[in-house]
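Beneath this line is the structure, given in structure tokens, with notes to follow.
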Amino acid sequence: MGLIDDANREAYERLDASNPALTDVVFAKDVLPDIDKYTVSHAGPPITWERMSGPMRSAVMGALVYEGLAETREEAAEVAASGKIKFRPNHDCGCVGPMAGVTTYSMPLCEVTNLTYGNKVYIAFNESDIRALCFGSADPVVIPRLHWFEEVLGPAVKDALAEMGPINLKAIVTKALTQGEELHNRIAAGSVLFFREIAPTLVRTVGDRAQLQEIIDFLAPSDYFFLNLGMAYGKASADAIKNIPYCTVVTAMSRNGTDFGIKVSALGDRWFTSPCPKVKGIYFPGYSEADANPDLGDSAITETVGLGGCSMAANPAMVHLFGAESTDVAQDITREMLEITVGASKDKVIPNMNNQGIPLGIDIRKVVETEICPLINTGIAHKDPSHGQIGAGVSRAPLSCFQQALEAFAESLG
Amino acid sequence: MPIITEVWRNTYYDSVTLMLGSSMMEALPGIDEAMVLMGTDRNDTVIRASGLLADGCGEFGSNDIVIGMRADSEQAAREAIAELERFLTSKKGSGNRKAAAHTLDGALREDPGIDLAMISVPGRYARAEAEKALDAGLHVMLFSDNVALEDEIALKDRALEKGLLMMGPDCGTAIVNGCALGFANVVRRGNIGLVGAAGTGLQEITVLIDRLGGGVSQALGTGGRDLKEDVGGRMMDLCLEALRDDLATEVIAILSKPPHPSVVEKMKRIISTIEKPVVACFLGSDADALAGTHAVFAKDCEECARIAVRLSGVGLPEKDEAWIAGTAAREAALLAPGQRWLRGLYSGGTLCYEAMLAFRDAGIPAYSNIAIDADLLLDDPDVSREHTLVDMGEDFFTNGMPHPMIDLRMRVERIARDCAQPDVAILLLDCVGGYGTNDDPAGALAPAIVAAKDAAAAEGRHLCIIASVTASEADPQVRSAQEETLRSAGAIVCDCNAQAVRLAFAILDRLDTAEPVAENRVNALFAARLAIANVGVDPFAEAFRAQETPCVQVEWKPPAGGNKKMADLLSKLKDL
């Protein structure tokens, strides 16, 4: 074994040994570095307002209205274009977010701690609606819901956690895998498992009966609430393998709707970017591929730690989304992902693939050698501002990101 | 355009299936827009905003499917709903998937019991793939050619360190544990163990052994260069030792072109440690090549098989010299004056070589693209002159083209061209079957034989077309069926290539005119369940499956998709 193989093995072991738990609910303004009202962090690699796609711009506008920096979306667009706003990637400040992933000053964030390694990451609550800020929706329900997160849901979850202690996310991820989910496209069981954990405590700790009803009404029917917690699970695990010398394992894959970017362990926080791929999928009634924005969101952090497309075999029905005839294709995809990863998890397994461990530790060398690019399960946002989610499907991470990273890695060794 | 809405009560399908259902409906004639969704609260907004909800469609709940359409007619909508029902209830796709991986690692994950890698990737990638296999503790059959000599030596040294078979490069034929590898035949299992440095020769001998009532324990290939001075018989040594120690092997047969003298000495030393009978066929060498050992010399494949079968304790039928004499007299009488030349158009290299040696021994000059005598080398392999024997499996012909044992088109074309020459009397053909080769080589040759004979007849000439089939009854092509096809087309069918050459001579006559290694894991392979990773050509995997030998197909691609810059970077980063 050489230096690289040893380093990659270390990364694989850490990914598998990670034990992320939901430990608290905090405010962005209190935990994110260098933040003020004019700081907007977003999904994907760095991007300017000028280059932002429709749904990303739309989400930024919504967030500025939410923060009270503008009265209307039109005014918000002017503020965003004025140069007053500091845009930065979520990934560069310890958080992640689905789709546009816009995270701002006043938002309550879930704090997820990797109990094995001590590192913390943050993520906003999932909006559990296709009319969501993260999809760039301009629907009137969006901003009141963000305020409700801030005033009702956030404090309630915080109090519940204080009462009951951390909620073990690794256990929920592991169980959901055995219940037909890969935790990126399908997260219904994960959401129910989470609800089952927290609901009894909420009943005890939320004093206001009407508020308790609102919370239960929001959480109980949500098929997606756990998406964000699964992402934080991914980020907390992946952050534990950052900056390992000689390590060629990917620590982040993310899209801002314009560019796709990856980070690699030994190369620290450098982004390697390429234009976002198109998403192959199916659409809600009335929409088609012509309406689709290119790939978007930090949610590919799930694939980075072996969930989502990597674990397609756990969610075989999903393959019909991109036109596969046979569900056998799901296992073929997971098998394919095992070709580009360092190893397979020892305890996070896919029962209908004879307890195959999920693929862990995407090695850029293997991606470049085999030209098998990570497959990503994803939602589809409308390319124009304000529409929200219009479908779901899959994309492939662009090979060029991995090739650039490999070149940079070789250069870094001299 | 009418809006038609239907609600299916208390029916559930997942959203992916329903979305596919609506796309399917939209593709139907007469349907402008369609929506199929569960009536959940979450979907409620979408459903109500769709404009596809007919007045009075009634209420729906979260366990109901809501179907809405804008259609040309009520009739079109009804048909679309019926189609949706069929779509939702039919089972899609098939459960048949062939085990496939993208890398050797993937194949081993798929089946950790794999013990042999069959590698047929382009030559310049072969060393890397073979190294991976050897490092994983796999025996290797390297079918690929165009592998550098130093790579061959390095690979074989690595294999010898681990006591593994490294058959090849350019190893076309082997039979391991009864499984035909590469171009090889399905022959009876028995007590004759073979090791050969020549592919079709090994096929010819194993098929003859089968036909004579004998059987094969193992047939190992070393690759054509193994017995040259540089490679020094590295693999021959290991194979001989393995056959020596193999209980199922009672007779050992060796086949190759003449080994380098230094290699012969090594072989003699090993043969002296073998108590079993040994028969050696060094095509083109002197009968005393192995003098001082108990090895029996055979001059060609036919003799080698006959001696081996005799030594193995099975009775053998006599050669039919009377048939040859009678056939030759009849054929010679049909030939016109001026018809004097023979053309041997071969797909099997060893068979061509065997014929060439017979010509040399008979003192009849024959031109060839693989001639030993430089004077007899064809200037242009594509153009025959006088007596000519062409190995059409040689690099000149196969560069970028499929091997003539797989694709017979080149040979068919050459048959027509050579037979059109009025001074040609005899056409010699091989017809090689077995796994990996063409499904029906005789069927491909037959029309060419008929056409050549008809064309000659139209000009008042007879053509003697002599063929032999290298295949067994158990081969997919079935020997007797191949022979019948050739016979029906008008060819004279001999039992083997050597006999075919003897018949040709009879017609022409009438015209006047390595050091032992510490560990040896080969015997363990013989005792194991054979499982193969097939890295490269897919038909080999089909062949393994047909023989019920477990096989994982590796969907091989060049590293980094052939991007040289990236491939160089990768190999630099590998050794860190």
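The values are calculated or read from the model by the stated rules, or taken from the named source; none is laboratory data. Just so it is clear, the model here is predicted, and its values are computed rather than measured. FYI the Cβ positions are ideal-geometry reconstructions off the backbone, even for glycines, and counts take in every protein chain you see. Just the protein is used for accessible areas: all its heavy atoms, side chains included, with ligands, DNA and RNA removed. Shrake-Rupley method; radii C 1.70, N 1.55, O 1.52, S 1.80 Å.
Kindly evaluate residue B:55 against the criterion of being surrounded by fewer than 20 Cβ atoms within 10 Å (Cβ to Cβ), of a type in the set (Asp, Glu) and under 22 Å from residue A:323 (Cα atoms). In short, no. The residues in segment B:145-192 that are within 20 Å of residue B:122 (Cα to Cα), part of a helix (DSSP H, G or I), open to solvent by 30 Å² or more (accessible area, probe 1.4 Å) and not hydrophobic (A, V, I, L, M, F, W, C) can be counted, and the count is 2.
Okay, residues lined up against (1) in the same structural domain as residue B:349 (by TED's automatic domain parsing); (2) crowded, with 21+ Cβ neighbours inside 10 Å; (3) over 18 Å from residue B:194 (Cα atoms):
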residue	(1), (2), (3)
B:259	no, yes, no
B:265	no, no, yes
B:275	no, no, no
B:280	no, yes, no
B:284	no, no, yes
B:288	no, no, yes
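For segment B:244-256, the set of residues classified as outside any helix (DSSP H, G or I), open to solvent by 40 Å² or more (accessible area, probe 1.4 Å) and either closer than 16 Å to residue B:206 by Cβ or modelled with pLDDT of 90 or more (or both) consists of B:248, B:250, listed by residue number. Of the residues making up segment A:297-337, those that are on the phi < 0 side of the Ramachandran plot and away from every other protein chain (no Cβ under 14 Å) number 13. For residue A:79, the conditions (1) open to solvent by 10 Å² or more (accessible area, probe 1.4 Å); (2) in a loop (DSSP other than H, G, I, E, B) all hold with the exception of (2). Being of a type in the set (Gly, Ala, Ser) and surrounded by fewer than 18 Cβ atoms within 10 Å (Cβ to Cβ) is the filter; apply it to segment A:112-166 and report the residue that is nearest to the chain's Cα centre (by Cα). Result: A:118. For residue A:35, indicate whether it is open to solvent by 10 Å² or more (accessible area, probe 1.4 Å), over 29 Å from residue A:291 (Cβ atoms) and part of a loop (DSSP other than H, G, I, E, B). For residue A:35, the condition - open to solvent by 10 Å² or more (accessible area, probe 1.4 Å), over 29 Å from residue A:291 (Cβ atoms) and part of a loop (DSSP other than H, G, I, E, B) - is met. The condition of being closer than 23 Å to residue B:463 by Cα and open to solvent by 50 Å² or more (accessible area, probe 1.4 Å) holds for only one of B:303, B:321, B:331, that being B:321.
Here's the yes/no breakdown for (1) away from every other protein chain (no Cβ under 14 Å); (2) within 57 Å of the chain's Cα centre (by Cα):
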{"position": "B:29", "(1), (2)": "yes, yes"}
{"position": "B:38", "(1), (2)": "no, yes"}
{"position": "B:41", "(1), (2)": "no, no"}
{"position": "B:50", "(1), (2)": "no, no"}
{"position": "B:58", "(1), (2)": "yes, no"}
{"position": "B:68", "(1), (2)": "no, yes"}
{"position": "B:82", "(1), (2)": "yes, yes"}
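Suppose the filter is within 14 Å of another protein chain (Cβ to nearest Cβ), in a loop (DSSP other than H, G, I, E, B), under 22 Å from residue A:183 (Cα atoms) and open to solvent by 10 Å² or more (accessible area, probe 1.4 Å); does residue A:294 pass it? So residue A:294 fails the test.
Output the residues belonging to segment B:523-562 that are out of contact with any helix residue (DSSP H, G or I) (no Cβ under 8 Å at 6 or more places or on another chain) and within 11 Å of chain A (Cβ to nearest Cβ). Passing the criteria: B:555, B:561, B:562. For segment B:11-19, state whether one or more residues are open to solvent by 40 Å² or more (accessible area, probe 1.4 Å), within 21 Å of residue A:380 (Cβ to Cβ) and not in a helix (DSSP H, G or I). Looking through segment B:11-19, at least one residue is open to solvent by 40 Å² or more (accessible area, probe 1.4 Å), within 21 Å of residue A:380 (Cβ to Cβ) and not in a helix (DSSP H, G or I). On inspection, residue A:374 passes the criterion of being more than 10 Å from chain B (Cβ to nearest Cβ) and open to solvent by less than 10 Å² (accessible area, probe 1.4 Å). When you scan segment A:176-183, do you find a residue that is more than 15 Å from the chain's Cα centre (by Cα) and closer than 28 Å to residue A:56 by Cβ, even just one? Yes, segment A:176-183 has at least one match.
Go through segment A:38-58 and report how many residues are open to solvent by 60 Å² or more (accessible area, probe 1.4 Å) and either under 19 Å from the mean Cα position of the chain (by Cα) or not hydroxyl-bearing (Ser, Thr, Tyr) (or both). The qualifying residues number 4.
In segment A:273-291, the residue that is surrounded by the fewest Cβ atoms within 10 Å (Cβ to Cβ) out of those that are outside any loop (DSSP other than H, G, I, E, B) and in contact with an Asp or Glu (Cβ under 9 Å, 6 or more places away or on another chain) is A:275.
Every residue, every condition in (1) away from every other protein chain (no Cβ under 11 Å); (2) hydroxyl-bearing (Ser, Thr, Tyr); (3) closer than 18 Å to residue A:332 by Cβ; (4) open to solvent by 10 Å² or more (accessible area, probe 1.4 Å), yes or no:
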position: A:356; (1), (2), (3), (4): no, no, yes, yes
position: A:361; (1), (2), (3), (4): yes, no, no, no
position: A:368; (1), (2), (3), (4): no, no, no, no
position: A:398; (1), (2), (3), (4): yes, no, no, yes
position: A:403; (1), (2), (3), (4): no, no, no, yes
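Residues in segment B:62-77 that are buried (at least 21 other Cβ atoms within 10 Å of the Cβ) and under 9 Å from residue B:4 (Cβ atoms): B:67, B:68, B:69, B:71, B:77. Identify, please: which residue in segment A:319-358 is more than 14 Å from residue B:101 (Cβ to Cβ) and among the basic types (Lys, Arg) and is, among those, modelled with the highest pLDDT? Filtering segment A:319-358 for residues that are more than 14 Å from residue B:101 (Cβ to Cβ) and among the basic types (Lys, Arg), the one modelled with the highest pLDDT comes out as A:348. Every condition in (1) in contact with a strand residue (DSSP E or B) (Cβ under 8 Å, 6 or more places away or on another chain); (2) over 20 Å from residue B:270 (Cα atoms); (3) buried (at least 24 other Cβ atoms within 10 Å of the Cβ); (4) of a type outside the set (Val, Ile, Thr) is met by residue B:215 except one, and the failing one is (3). Of the residues making up segment B:376-431, those that are open to solvent by 70 Å² or more (accessible area, probe 1.4 Å) and outside any helix (DSSP H, G or I) number 10. Checking the stated criteria, residue A:327 turns out to be in contact with a Pro (Cβ under 6 Å, 6 or more places away or on another chain) and open to solvent by 10 Å² or more (accessible area, probe 1.4 Å).
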